[in-house]
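Chemist: The structure that follows is given in the form of structure tokens.
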Protein chains: 2
Amino acid sequence: MPKATPVTRNDVAQYAGVSTAVVSYVVNEGPRRVAPETRERVLEAIRVLGYRPNATARALRMGTTRTFGLITPDGGNPLFAELAKAIDKEASARGYVVLQTSADGDPVTEQAKIAELLIRQVSGLLLVAPTEDPDLTEVGIPVIAINRVLPTVSSVRPQYRAGARAGVKHLIEHGHRTIGLVIGGRGTGGRAPERELGWRDALRQAGLEDGPTARARFSRQGGYDAGKELLAATKRPTAIFASSDLQAVGVLRAIHEAGLRVPDDIAVLAFDGTAETEYSWPPLTVVRQPLDRMAREAVSRLIDGEDAVQSLTYPTDLILRKSCGC
Amino acid sequence: MPKATPVTRNDVAQYAGVSTAVVSYVVNEGPRRVAPETRERVLEAIRVLGYRPNATARALRMGTTRTFGLITPDGGNPLFAELAKAIDKEASARGYVVLQTSADGDPVTEQAKIAELLIRQVSGLLLVAPTEDPDLTEVGIPVIAINRVLPTVSSVRPQYRAGARAGVKHLIEHGHRTIGLVIGGRGTGGRAPERELGWRDALRQAGLEDGPTARARFSRQGGYDAGKELLAATKRPTAIFASSDLQAVGVLRAIHEAGLRVPDDIAVLAFDGTAETEYSWPPLTVVRQPLDRMAREAVSRLIDGEDAVQSLTYPTDLILRKSCGC
DNA sequence: AGCACGCTAGCAAGCGTTTTCCAGACCGGT
DNA sequence: ACCGGTCTGGAAAACGCTTGCTAGCGTGCT
């Protein structure tokens with residue numbers, strides 16, 4: 001069993017017959033020049049000794065950990081998992097590493113996790129779909145919200161409204177006149193969710209009335225219940241727009257169980273566009289969130305800084321598959 | 001904009017009129033007693049000043065970061081996402097935090113990520129389904145492999161063989177006589193994968209011949225291709241056992257596209273049991289990996305230590321849904 | 001009265017880095 | 001010869017924390 005081998009920079013210095021400062025210069029490839037042969041000796045020592053720099057010491061000295069904190073409501077949710085992956089990719093590419101954790105959609109857990117991450121001295125915080133407005137007054141590090149706008153920090157999110165509008169418009173072009181809506185989450189403070197707005201936009205633009213709506217949690221089960229609700233509506237929709245993939249999958253199940261066919265009897269459109277939707281039956285037509293671009297921008301803002309607090313939105317992609325009737 | 005406010009333990013000590021040591025004693029609730037009134041004064045100072053301990057300094061001094069490194073082949077894979085969530089939950093409960101990253105199934109990326117995490121001084125390493133046998137000779141910290149056994153470290157994994165056997169046995173009890181197999185990954189070093197073994201066990205036990213098999217990547221696309229392959233087999237199976245959820249979903253699609261019905265024409269059984277399978281159409285009967293138990297044990301071994309290197313296996317759950325014909 | 005001990009709190013070393021400041025060596029130019 | 005400049009390397013402080021050691025001081029026991 002390999003015993004702990006804390007070979008420090010001191011050992012390297014000694015072995016190479018130089019001072020610790022010199023070792024520092026060579027491992028950091030800093031502005032300081034060091035004679036080629038000395039450098040070689042140090043490199044050799046590092047190799048032989050199997051020296052690995054200690055990032056915590058470095059962090060203490062430098063005051064930065066090159067580590068991000070990422071909090072999602074639920075790491076098991078495919079959307080957040082894909083987002084986390086995109087963020088990890090961006091962060092890795094720039095030498096950062098990410099501490100990821102779930103808040104379970106609970107404000108106090110969320111606040112506790114934020115505190116924990118701050119203690120860990122993260123260099124930046126990514127809050128995915130945070131619950132309430134978390135207390136960010138004393139964080140002292142850059143924070144960016146994803147998929148939700150917060151009062152005091154910048155945010156990135158898809159163009160929910162325009163994306164929803166485009167998707168529903170597509171449904172209308174397929175000839176649908178009664179289009180139901182599965183809308184997510186608990187009423188977000190009176191303000192109608194953007195996806196609902198987009199749905200209505202498209203309807204109005206075509207001179208159509210609102211179809212039936214059902215409110216549901218952002219889960220497959222929620223979508224399933226909402227789907228059943230919509231199917232039982234007095235004016236049964238011929239198409240349903242679900243605010244999330246998870247809900248759409250639930251809706252699909254409700255439709256199947258009712259013995260109806262997609263898209264022949266009812267078309268379905270989902271917002272998000274995670275991998276799961278490509279292999280549902282039928283494959284779902286989706287409005288895809290540009291996760292990669294959002295991740296890139298979020299990470300970049302954390303690292304490169306930003307001139308001002310702003311909410312950035314990103315255009316979505318309408319991906320046509322079978323569930324809309326294409 | 002909140003400026004960086006590095007209020008240190010020195011400030012607290014000064015404000016409370018005590019030495020820094022005392023502050024340390026109270027924040028750590030350590031073995032050292034401090035007079036109640038002094039403690040109150042310190043607590044008050046901490047509150048007023050908004051002091052937050054610096055974990056990197058603590059880590060440097062103590063030699064432990066209370067941080068784990070978690071490497072999965074793909075953070076976007078729902079199985080790994082659910083596993084990561086379970087690990088995060090366990091770790092959080094014990095005051096640890098986890099650095100999560102993906103290796104993309106690439107051995108050199110994997111090795112690089114391991115190195116990066118070691119530099120970060122993680123207190124333990126969780127390797128999920130690592131690629132080759134990574135070089136673990138000089139890590140100096142506890143490592144545990146998940147879902148794969150590695151030569152030099154302990155591992156936790158589901159009872160692949162027994163689980164597969166139980167699942168296939170169930171298929172046989174439904175009357176199936178020709179049961180196909182979708183097996184994952186590239187030939188793992190000559191040794192037949194455990195799930196394949198379990199499948200064959202059940203078949204033999206019932207006096208049945210092997211059904212057709214198809215090798216595929218652990219992805220929906222891979223499962224889809226394999227599904228088509230199996231459907232075209234000279235002796236078409238009446239049931240298919242897929243080594244993973246992802247593959248099963250692909251198989252489902254292949255079956256649907258062929259105009260066949262599940263489970264009437266062909267039954268399907270999947271290994272893994274992620275949430276996605278509950279809402280596929282039809283809902284998939286699955287052999288579920290006990291992710292929570294595995295996560296708990298893995299984390300516990302990392303924190304509490306272990307007496308010896310061993311490979312732990314955990315019984316799976318057979319969850320009966322529609323795809324098997326139940 | 002003397003002493004040992006328990007309780008509380010302070011001092012200071014040290015964890016592994018980075019970085020500032022300085023020192024020596026060498027060079028070319030006067 | 002001397003001086004200024006360039007190049008290379010070393011000494012040491014500081015980052016914020018933990019902890020062993022020490023000290024002051026009441027209290028109870030002999």
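Chemist: Under the convention of a label 7 Å out along Cα→Cβ, give the distances in nm from B:Gly140 to the same position in every other copy, shortest first.
Modeler: Sorted ascending, the copy-to-copy spacings read 2.9 nm.
Chemist: How large is the Kirkwood hydrodynamic radius of the range B:63-152, counting all unique pairs of alpha carbons, in Å?
Modeler: Its Kirkwood hydrodynamic radius stands at 13.0 Å.
Chemist: For A:Ser219, enumerate residues with amide H under 5 Å from its amide H, sequence gap 5+ or separate chain, H modeled in the peptide plane.
Modeler: Amide H to amide H, under 5 Å and 5 or more residues apart or across chains, A:Ser219 pairs with A:Gln247.
Chemist: Mind scanning B:Lys89/B:Lys113; A:Lys322/B:Lys322; A:Lys113/B:Lys85 and naming the pairs with a C-alpha gap bigger than 20 Å?
Modeler: B:Lys89/B:Lys113; A:Lys322/B:Lys322
Chemist: Same structure, new question: Which whole-Hz couplings ³J(HN,Hα) result when phi for each residue of the range A:51-64 is put into the Karplus expression 6.51 cos²θ - 1.76 cosθ + 1.60, θ = phi - 60°, listed in order with x for Gly and Pro?
Modeler: Per-residue couplings from phi come out as 6, 10, x, 9, 5, 6, 5, 4, 4, 4, 5, 7, x, 8 Hz.
Chemist: Give a residue-ordered list of calculated ³J(HN,Hα) values for the range A:168-176 (Karplus: 6.51 cos²θ - 1.76 cosθ + 1.60, θ = phi - 60°; whole Hz; x for Gly, Pro).
Modeler: Here the 3J(HN,Hα) series is 5, 4, 4, 4, 4, 5, 7, x, 6 Hz.
Chemist: Given R₀ = 56 Å, FRET efficiency for B:Ala232-A:Ser311 by Cβ-Cβ distance, to 0.05?
Modeler: 0.60
Chemist: Enumerate the calculated ³J(HN,Hα) couplings along the range B:201-213 in order (Karplus 6.51 cos²θ - 1.76 cosθ + 1.60, θ = phi - 60°), each rounded to whole Hz, writing x wherever the residue is Gly or Pro.
Modeler: In residue order, the calculated couplings are 3, 4, 4, 4, 4, 9, x, 9, 7, 4, x, x, 10 Hz.
Chemist: Note down the magnitude of the dipole of the range A:268-326 about its Cα centre, charges +1 on Lys and Arg C-beta and -1 on Asp and Glu C-beta and zero elsewhere, to the nearest 20 debye.
Modeler: It works out to roughly 300 debye.
Chemist: Taking only the Cα atoms of chain B, how large is their convex hull per residue, in Å³?
Modeler: 176
Chemist: Quote the FRET efficiency, to the nearest 0.05, computed for B:Thr137 versus A:Leu260 with a Förster distance R0 of 56 Å and r equal to the Cβ-Cβ distance.
Modeler: Calculated transfer efficiency: 0.40.
Chemist: Rounded to the nearest 0.05, what FRET efficiency do A:Asp104 and B:Asn10 give with R0 = 30 Å and r taken as the Cβ-Cβ distance? Could you check?
Modeler: Once rounded, the FRET efficiency stands at 0.25.
Chemist: Kindly express, to the nearest 10 degrees and within the range 0 to 90, the angle between helix B:245-257's C-alpha long axis and the longest C-alpha principal axis of chain B.
Modeler: 40
Chemist: In degrees, nearest 10, range 0 to 90: what is the angle between the Cα axis of helix B:291-304 and the longest Cα principal axis of chain B?
Modeler: The helix B:291-304 is inclined about 40 degrees to chain B.
Chemist: Also, quick follow-up: Hey, if you drop one equal point scatterer on each alpha-carbon of the range A:201-254 and run the Debye formula without solvent, what base-10 log of I(q)/I(0) do you get at q = 0.15, 0.17, 0.24, 0.32 Å⁻¹?
Modeler: Results for the range A:201-254 at q = 0.15, 0.17, 0.24, 0.32 Å⁻¹ read -0.40, -0.50, -0.86, -1.18.
Chemist: In chain B, carbon and sulfur make up what percent of the accessible area (probe 1.4 Å)?
Modeler: In chain B, the share of accessible area belonging to carbon and sulfur is 49 percent.
Chemist: Need one number: nm distance between label points at A:His174 and B:Asp292, each 7 Å from Cα along Cα→Cβ, rounded to one decimal.
Modeler: Here the modelled spin labels are 3.8 nm apart.
Chemist: Right, next: Give the long-range amide H neighbours of B:Leu99: residues separated by 5 or more places, or on another chain, with amide H under 5 Å away, using H modelled in the peptide plane at 1.01 Å from N.
Modeler: B:Phe68, B:Gly69, B:Leu70
Chemist: Let me ask you something else. Along each principal axis of its Cα atoms, how long is the range B:80-126 end to end? Whole angstroms, biggest number first, please.
Modeler: 32, 24, 10 Å, listed from the longest principal axis down.
Chemist: In addition: Against the longest alpha carbon principal axis of chain B, how many degrees, from 0 to 90 and to the nearest 10, is the axis of helix B:107-119 turned?
Modeler: It is inclined by approximately 20 degrees.
Chemist: Further question: Amide H neighbours of A:Thr65 under 5 Å, at least 5 residues apart or on other chains, H built in the peptide plane: list them.
Modeler: Result for A:Thr65 returns A:Ser123.
Chemist: Would you please calculate the Kirkwood hydrodynamic radius of the range B:160-289 over all C-alpha pairs and express it in Å, rounded to one decimal?
Modeler: It works out to 13.9 Å.
Chemist: Give me the percent relative contact order of the range B:63-152, please, defined on Cα pairs under 8 angstrom at least 6 residues apart.
Modeler: 36
Chemist: Per residue, how much space in cubic angstrom lies within the convex hull of the C-alpha atoms of the protein assembly as shown?
Modeler: Cα-based convex hull of the protein assembly as shown, divided per residue, equals 184 Å³.
Chemist: So for the range A:9-64, Kirkwood radius off the Cα pairs, Stokes-Einstein at 10 °C and 1.306 mPa s: how many µm² s⁻¹?
Modeler: 139
The values are calculated or read from the model by the stated rules, or taken from the named source; none is laboratory data. Note that the coordinates shown come from a computational prediction; the quantities given were computed from them, not determined experimentally. Here Cβ is always computed from backbone atoms with ideal geometry, including for glycine, and neighbour counts include all displayed protein chains. For accessibility, only protein heavy atoms count, side chains too; no ligands or nucleic acids. Shrake-Rupley method; radii C 1.70, N 1.55, O 1.52, S 1.80 Å.
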